[in-house]
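Sharing a structure here in structure tokens format.
Values quoted throughout were computed directly from the atomic coordinates according to the rules given, and no laboratory measurement underlies them. Not measured: the values here are computed from a predicted model. Reconstructed Cβ throughout: ideal geometry from the backbone, glycine too, with neighbour counts over all protein chains shown.
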């Protein structure tokens, strides 16, 4: 379903095109997909969301997306249902933070670790 055993490193690259290329590779790696097939990725995102949507940390993140000034235009264009808001977390600027939080949740990490990574993600919304 979701690969929670790697660290996102795409932002460590200084070259913008290389960083974007690695982002796409790591995005596909997270969803255990070899190709960027919208239908398959959307189904996997929906399954992931359904699996973790009741987690209090995810609920808190979703609520903070609704208040984000940086995402306001995207929310206006795409809609404000919670699955759509969840999908916004996978954009280039947020994916590394999102991935850490999802990994923490799926791996049942220490609540302090989850809260710290959630705080960083919310700060970057």
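Which condition number in (1) surrounded by 11 or more Cβ atoms within 10 Å (Cβ to Cβ); (2) over 15 Å from the mean Cα position of the chain (by Cα); (3) without any contact (Cβ under 8 Å) to a residue 60 or more places away in the chain is the one that residue 45 fails?
The one condition residue 45 does not meet is (2).
Conditions: (1) without any contact (Cβ under 8 Å) to a residue 40 or more places away in the chain; (2) surrounded by 16 or more Cβ atoms within 10 Å (Cβ to Cβ). Residue 54 meets all but one. Number of the miss?
So residue 54 meets the others, but not (2).
Each row is one residue, and each column tells you yes or no for (1) surrounded by fewer than 18 Cβ atoms within 10 Å (Cβ to Cβ); (2) within 15 Å of the chain's Cα centre (by Cα); (3) closer than 18 Å to residue 7 by Cβ; (4) free of Cβ contacts under 8 Å to residues at least 60 places away in the same chain.
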{"position": "79", "(1), (2), (3), (4)": "yes, no, no, yes"}
{"position": "89", "(1), (2), (3), (4)": "no, yes, yes, yes"}
{"position": "101", "(1), (2), (3), (4)": "no, yes, yes, yes"}
{"position": "120", "(1), (2), (3), (4)": "yes, yes, yes, yes"}
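Give just the number: which of (1) free of Cβ contacts under 8 Å to residues at least 40 places away in the same chain; (2) crowded, with 16+ Cβ neighbours inside 10 Å; (3) in a loop (DSSP other than H, G, I, E, B) does residue 28 not satisfy?
Of the numbered conditions (1) free of Cβ contacts under 8 Å to residues at least 40 places away in the same chain; (2) crowded, with 16+ Cβ neighbours inside 10 Å; (3) in a loop (DSSP other than H, G, I, E, B), the odd one out for residue 28 is (3).
A further question on this structure: Assess whether residue 86 counts as being assigned to a helix (DSSP H, G or I) and touching a helix residue (DSSP H, G or I) at 6+ places or on another chain (Cβ under 6 Å).
The answer is yes for residue 86.
Quick one: which of 35, 70 is outside any helix (DSSP H, G or I) and surrounded by fewer than 11 Cβ atoms within 10 Å (Cβ to Cβ)?
Step by step, each of 35, 70 is checked, and only 35 is outside any helix (DSSP H, G or I) and surrounded by fewer than 11 Cβ atoms within 10 Å (Cβ to Cβ).
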